[in-house]
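The numbers here are math on the coordinates, done by the rules we state, and not lab data. All of these numbers come straight from a predicted model, not from anything done at the bench. Glycine gets a Cβ as well: all are built from the backbone with ideal geometry, and neighbour counts include every protein chain shown.
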């Protein structure tokens, strides 16, 4: 069985980002497409990377397959992915092979899979988040890039027109406002205006590269709730990323 | 060569969630402590562990006095950290004032919210300087930083031997986080229980855990 995806670099950036804070995860492949899931050991963040069947150039799959793997090893292999590389994935019950191909020259890397019992199942989250913001292209990347050095806490607030991202450090305070009228914000659906939610900045910093590549970002957020960040890419690929709220005393 | 000393104060182990914090005062002749660094005072955090250990030996040989405050998690849990360090700072200065012939100056890496008034009372004729980043500016503070870091690292080595490899003990270290998660609610006394990190890690009821759908194990 084999699947082929046109943009190896997206895989590269996703695995490099996840590898910064998670050691292991698993790929699920069935007739509907591929899902990669990983959760950090502290259960503060959970990432789901999905590509529907239609997003693949080739999708030769029967049945359902669960492939538990080392993210560090996978990220090392994917680090060799270049701009024009096409990525194919083949697997057996014991190993997974990544094949990069550019100008007709394939490069193949195989790593062993973990035993299924060695990887913890990742539960589904049950969340209704009342505030949803759709952010243009790399707007979220620009904001996090500007704020991350100021504070280890990201405060998110907003109303029906604007989304305010704030970093309050010991010395400086930085604030970025994305606005439906003035720019940065494509859409705002807000049921709880005036909310203020806090998250650890580092969990947003980890995802900067995938944020930068996204066609658009959707941030769902509310006070005391995990945030759900959806990063959308071409061919239907998307990342759904959950970050637990930060507890302040 | 004058008999007066300079005193530098810094701490290590402020940020970790595991293990003791060490606050160190190094009192030395200024020209001697400067010569150890050969004019290149670097933040002790930028030194390789090996170089730091070598320098620690040299500093311990050449310093006139080294005063150490060691704060275990139980103490850290029951104090505001800056107040604790402020109290420790006064204790170090009072000790050095008692045993040293004279102290020209005291250099301290910044402790937020701490008043220098008690130190000025203890050493009325001395220059007292507290600055952020003092460990990369004043040789005697760099020396205190290196000794504090050296002590903290030996302490962590000893804890690893007893409690297993928990990494650096810093909340940003994945090994530390994994170790804490594995420990679950049965946390040994080396963990700072009041630390916000525990709650952020989900051990205090935070994390994504309480938002998991019950009775389901996977989305697919």
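For B:33, B:111, which order do you get if you count the other beta carbons within 10 Å of each Cβ and list the fewest first? Walk me through the intermediate numbers first.
On the way: B:33 26, B:111 22.
Starting with the residue having the fewest Cβ neighbours, the order is B:111, B:33.
With just the Cα atoms defining each centre, how far is region B:114-191 from region A:78-92? Give it in Å.
First find each Cα centre; the distance between them is then 44 Å.
Over chain A, what is the percentage of antiparallel beta bridges among all DSSP beta bridges, to the nearest 5? Please list the in-between numbers first.
Working: 83 of 84 bridges.
The answer is about 100 percent antiparallel.
Using a 10 Å cut-off on Cβ to Cβ distances, tally the other chain neighbours for every residue of A:34-46 and report the average as a whole number. Walk me through the numbers before you get to the answer.
Numbers: counts 0, 3, 0, 3, 0, 2, 8, 11, 17, 12, 8, 2, 4.
The shielding value for this peptide is 5.
Round to a whole angstrom and tell me the spacing of the C-alpha centers of region B:57-86 and region A:134-208.
Region B:57-86 and region A:134-208 have Cα centres separated by 39 Å.
Just checking the output field for B:140-149: average partner chain Cβ neighbours within 10 Å of each residue's Cβ?
The per-residue average across the peptide is 0.
Quick one: B:135, A:215, A:73, B:157, fewest Cβ neighbours within 10 Å first, how do they rank?
Ranking B:135, A:215, A:73, B:157 by Cβ neighbours within 10 Å, fewest first, gives B:157, A:215, A:73, B:135.
Where a ≥ b ≥ c are the square roots of the eigenvalues of the C-alpha gyration tensor, would you call chain B rounded, which needs a/c under 1.5, or, failing that, prolate if a/b is larger than b/c, or oblate?
Cα axes put chain B in the prolate bin.
Please compute the average number of Cβ atoms from other chains found within 10 Å of each residue's Cβ in peptide A:121-128.
5
Taking the Cα atoms only, what angle lies between the long axis of helix B:174-183 and the longest principal axis of chain B, rounded to 10 degrees?
Long axis of B:174-183 versus the principal axis of chain B: about 60 degrees.
Can you show me the helix-derived [θ] at 222 nm for chain A, built from DSSP H runs with n ≥ 4 at -39,500 (n - 2.57) apiece and divided by the number of residues, rounded to the nearest 500.
After summing the helix terms and dividing by the residues of chain A, the value is -4000 deg cm²/dmol.
Please compute the contact order of region A:131-243 in relative form: average sequence separation of alpha-carbon pairs under 8 Å and at least six residues apart, divided by the residue count, as a percent.
Normalised by residue count, the contact order of region A:131-243 is 31 percent.
For chain B, with a Gaussian network of springs between Cα atoms less than 10 Å apart, report the residue from B:171, B:188, B:16 with the top mean-square fluctuation.
So, out of B:171, B:188, B:16, the one fluctuating most is B:188.
Obtain the radius of gyration and the Kirkwood radius of the protein assembly as shown from its C-alpha atoms and give Rg over Rh.
Reported Rg/Rh (Cα atoms, Kirkwood Rh): 1.05.
How do the peptides A:7-14, A:128-135 rank, highest first, by the average count of neighbouring beta carbon atoms within 10 Å per residue?
So the peptides A:7-14, A:128-135, ranked by packing, come out A:7-14, A:128-135.
Just from its helices, what would the mean residue ellipticity at 222 nm be for chain B, if runs of 4 or more DSSP H residues each count -39500 (n - 2.57) and the sum is divided by every residue, rounded to the nearest 500 deg cm²/dmol?
So the calculated ellipticity at 222 nm is -13000 deg cm²/dmol.
How would region A:187-249 be classified by its alpha-carbon gyration tensor: rounded, prolate or oblate, with rounded meaning a/c under 1.5 and the a/b versus b/c comparison settling the rest?
Verdict is oblate for region A:187-249.
What order do you get for A:74, A:80, B:95 when you list them from fewest to most C-beta neighbours inside 10 Å?
A:80, B:95, A:74
With the contact rule set at Cα under 8 Å and sequence spacing of 6 or more, what percent relative contact order holds for chain B?
30 percent.
Need one word for region B:40-148: rounded, prolate or oblate. Basis is the Cα gyration tensor (sqrt eigenvalues a ≥ b ≥ c); a/c below 1.5 gives rounded, then a/b vs b/c decides.
Taking the square roots of the gyration eigenvalues as a ≥ b ≥ c, region B:40-148 is oblate.
Could you tell me the relative contact order of region A:2-115? Use alpha-carbon pairs under 8 Å, at least six residues apart, and round to a whole percent.
Worked out over region A:2-115, it gives 32 percent.
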